[in-house]
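Worksheet for the structure shown next.
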Amino acid sequence: MGHKKQIDVSSVAAQINAAAYECRSPYNDGFVGWGYKQDLYRIKWILEDALRRCPNYAGEEEWIREYEKTKVFEYLKSNP
């Protein structure tokens, strides 16, 4: 029997990006922006706690390193 994946990563990412956009929006004051940033911190802490509770898997460290390398290359490309 197959396992149905319950998380839609693109939807989660869209919500996080929307909160970051609202946090930076010049149409919002500091009170509103700070509320969005607090939400982002809460999400960060929830993720960190969830990852600490998960086991480590074969190939996980390599996968993370490859992703981090990709992010560094993207940064270097956009900031010559």
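Since every read-out is calculated from the coordinates, none of them should be taken as a lab result. Not measured: the values here are computed from a predicted model. Backbone-built Cβ (ideal geometry, glycine too); neighbour counts: all protein chains shown.
Among the residues that make up the range 18-26, is at least one of them surrounded by 10 or more Cβ atoms within 10 Å (Cβ to Cβ), among the aromatic types (Phe, Trp, Tyr) and touching a helix residue (DSSP H, G or I) at 6+ places or on another chain (Cβ under 6 Å)? No - not one qualifying residue is present in the range 18-26. Of everything in the range 32-62 that is out of contact with any helix residue (DSSP H, G or I) (no Cβ under 6 Å at 6 or more places or on another chain) and surrounded by 11 or more Cβ atoms within 10 Å (Cβ to Cβ), the residue that is nearest to Val12 (Cα to Cα) is Ile43.
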